[in-house]
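> First the structure, which I've put down as structure tokens, then a few questions once you've had a look.
The values are calculated or read from the model by the stated rules, or taken from the named source; none is laboratory data. For clarity, every value in this text was computed on a predicted model and none was experimentally measured. In this analysis, Cβ positions are derived from the backbone assuming ideal geometry, glycine residues included, and neighbour counts consider all displayed protein chains. Only protein heavy atoms, including side chains, enter the accessible area calculation; ligands, DNA and RNA are left aside. Shrake-Rupley method; radii C 1.70, N 1.55, O 1.52, S 1.80 Å.
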Amino acid sequence: MKRIGVVTICALLAAWLGADPALAQPRAGGVLRVALRAEVSTFDPHKGASGTDHMYLYPVFDTLVRFDDKLQPRPGLAESWETPDPKTLILRLRKNVKFHDGTPFNAEAVRFNLLRAQDKTVSSMVSELINIEAVEVVDAFTVRLRLKRPDASLVLAFTDRAGMMVSPTAVQKLGDQFGRTPVGAGEYRLTKWTPGDSVRLDRFQEYWEPGRPYLDGILIRIMPDGDTRVNALRSGQVDFIMEIPTQDFASLKGEKGIKTYEGPSLAYWRIYLNMSKPPLDKKAAREAINLAIDRAALVRTVMFGLTDVAVTPFPSVYWASNPALKPWPHDPARAKAKLIEAGLPNGFTFDMVVEPAPEHVRRAEAIQAQLAAVGIKVDLKPMELAKGVQGYFRGQEFMAANYRWTGRPDPDQSVRGMFHSTGFYNPGKYQVARLEELMDQAKSVYKLEERRALYQKIDEIIQQEAVDVPLYVAPVLEGMATNVEGYQPNLLGKPAFRGVWLRPSR
């Protein structure tokens, strides 16, 4: 999958969605059985930090705004919005919506949610909402946001965690236990969670959208190993899998009873660095890491050529990408020179947390070998995802992490989250002043072309300062039984099962 353009993406999605004429006649009933790589870290959307949580959260929590397959905003719990002036955003809410516990959804509920999401003692998304100065209840179904400065990213941020509405009644009643017993206003409600094994979601009978959802429920089984997920699909134990190991994708494609989807995403694999920890606080040390990595070899040997090397946080298919930038070269001699420049002629050692599944350990071991060739030693720490995310981002227990950045609908969410000193995914709160000035400027501009130019400059500085170690773009590789209908892939590569229904048999 090389350099697929936006037009091609749309054609692929249209072909995929239009492949079956019966899509117009969905059938009610049945339980969709899904296998996912990682367990949800928490069902509290405001507290979670892992990008893989979204597949669990989407069915339970409706969002203020939805996005379409091109990541354009569409009405959600907010039927419409307007910006009467650059520092005001008015949301007009849908009526006759209830949370799973019967609590009415209204302007007061939105105010409660947004104030909670701004609370740094609770939330992992404070930086996304940093420009909201006041949340005003105009009437029962109208909310007015007063902004400190214009903010073009807010509407799409409301398609993500910041827009996932939790029941105020349930939060006040359950406190810290809300993340175990969530209450949203989504199509499904959590009915059973067996840690390390499975999650059961059942149809919310009072969901506001007539006739939805089609399924009686969704059963999510946790299968960290990719081969196990593939075998479960082949044997009929599950109906849907994501993140198919690249070595299995070709053989699965076209197999009887199975259909596959291959497409681009905004996600990329990277090495997260805690740049507050020496010697990673030195630009030359970070440059040495980037120059020592042979990304083309990783694509060839780890991904079987099914993707491209990553250059910036934004892949070439995304509007904010900078096509003028080139990937970091593989240059071991320059890497060694950078180590000398950093005052580290004998190299250095850092620890790096990684998921324990074989495909992730293989990637990390390949990186380990490449860095060792220039004198940088990596102490790998294989660890279950939720524990590793907690330890790296909140606990700062490790110097680095080898994880996927799963992408966000608005570019500000990505770069601010990872590279701004207020960003949750910048655990050391490392600061590059000129980068932050540009982020603030890009966030406050409403015209797309002006924003594009600013994000391209941001891309340049991210590379110049070596605050990122991009590896390769993460393609969407999904497989499902042929009786799964209505599934709509998205550029985030995070399945949302809205609209999915099942034929009686494969």
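> Mind listing whichever residues of the stretch 393-420 are more than 16 Å from Ser321 (Cβ to Cβ), in contact (Cβ under 8 Å) with a residue 24 or more places away in the chain and of a type in the set (Gly, Ala, Ser)?
Scanning the stretch 393-420 gives Ala400, Ala401, Gly417.
> Do you know which residues across the stretch 92-126 are crowded, with 21+ Cβ neighbours inside 10 Å and modelled with pLDDT under 95?
Selection gives Ser123, Ser124, Met125.
> Continuing with the same structure: Going through Ala267, Ala288, Ala185 one at a time, which residue ends up being farther than 23 Å from Ala366 by Cα and open to solvent by less than 10 Å² (accessible area, probe 1.4 Å)? First the steps, then the outcome.
Working: Ala267 fails: farther than 23 Å from Ala366 by Cα; Ala288 fails: farther than 23 Å from Ala366 by Cα.
Answer to the check: Ala185.
> Mind telling me which of the residues Gln205, Gln177, Gln172 ends up being more than 27 Å from Asp85 (Cβ to Cβ), assigned to a loop (DSSP other than H, G, I, E, B) and open to solvent by 60 Å² or more (accessible area, probe 1.4 Å)? Write out each step before concluding.
On the way: Gln177 fails: assigned to a loop (DSSP other than H, G, I, E, B); Gln172 fails: assigned to a loop (DSSP other than H, G, I, E, B).
Exactly one of Gln205, Gln177, Gln172 is more than 27 Å from Asp85 (Cβ to Cβ), assigned to a loop (DSSP other than H, G, I, E, B) and open to solvent by 60 Å² or more (accessible area, probe 1.4 Å), namely Gln205.
> Also, I was wondering about something else. Quick one: in the stretch 69-85, which of the residues that are more than 16 Å from Arg161 (Cα to Cα) and at pLDDT below 95 is least open to solvent (accessible area, probe 1.4 Å)?
Per the stated criteria, the residue is Asp69.
> What do you reckon, is Met303 assigned to a loop (DSSP other than H, G, I, E, B), open to solvent by less than 40 Å² (accessible area, probe 1.4 Å), within 17 Å of Ala366 (Cα to Cα) and not charged (D, E, K, R)? Break it down stepwise before answering.
Details: assigned to a loop (DSSP other than H, G, I, E, B): yes; open to solvent by less than 40 Å² (accessible area, probe 1.4 Å): yes; within 17 Å of Ala366 (Cα to Cα): yes; not charged (D, E, K, R): yes.
The answer is yes for Met303.
> Continuing with this model, one more query. What do you reckon, is Asp197 within 25 Å of Leu129 (Cα to Cα), of a type in the set (Asp, Glu) and surrounded by fewer than 17 Cβ atoms within 10 Å (Cβ to Cβ)? Break it down stepwise before answering.
Numbers: within 25 Å of Leu129 (Cα to Cα): no; of a type in the set (Asp, Glu): yes; surrounded by fewer than 17 Cβ atoms within 10 Å (Cβ to Cβ): yes.
So Asp197 does not fit the description; no.
> Give me the pairs: first residue in the stretch 332-355 and touching a residue at least 40 places away in the same chain (Cβ under 8 Å), second residue of a type in the set (Ser, Thr, Tyr) and open to solvent by less than 60 Å² (accessible area, probe 1.4 Å), beta-carbon distance under 7 Å, and six or more apart or on different chains, which are they?
Within 7 Å, the pairs are Val353/Tyr392.
> While we're looking at this one, here's another question. Within the stretch 402-423, count every residue that is over 14 Å from Leu266 (Cα atoms), in contact with a helix residue (DSSP H, G or I) (Cβ under 6 Å, 6 or more places away or on another chain) and either acidic (Asp, Glu) or part of a loop (DSSP other than H, G, I, E, B) (or both).
Result for the stretch 402-423: 3.
> Taking the condition of being charged (D, E, K, R) and either surrounded by fewer than 18 Cβ atoms within 10 Å (Cβ to Cβ) or in a helix (DSSP H, G or I) (or both), how many residues in the stretch 21-68 meet it?
Counting residues in the stretch 21-68 that are charged (D, E, K, R) and either surrounded by fewer than 18 Cβ atoms within 10 Å (Cβ to Cβ) or in a helix (DSSP H, G or I) (or both) gives 3.
> Run down Val374, Val361, Val353 and say which single residue is surrounded by 20 or more Cβ atoms within 10 Å (Cβ to Cβ), of a type outside the set (Asp, Glu), under 26 Å from the mean Cα position of the chain (by Cα) and over 30 Å from Ala152 (Cα atoms).
On the way: Val374 fails: under 26 Å from the mean Cα position of the chain (by Cα); Val361 fails: surrounded by 20 or more Cβ atoms within 10 Å (Cβ to Cβ).
One residue alone meets the criteria, Val353.
> Could you tell me whether Glu243 is closer than 24 Å to Val60 by Cβ and in contact (Cβ under 8 Å) with a residue 60 or more places away in the chain?
Values: closer than 24 Å to Val60 by Cβ: yes; in contact (Cβ under 8 Å) with a residue 60 or more places away in the chain: yes.
The answer is yes for Glu243.
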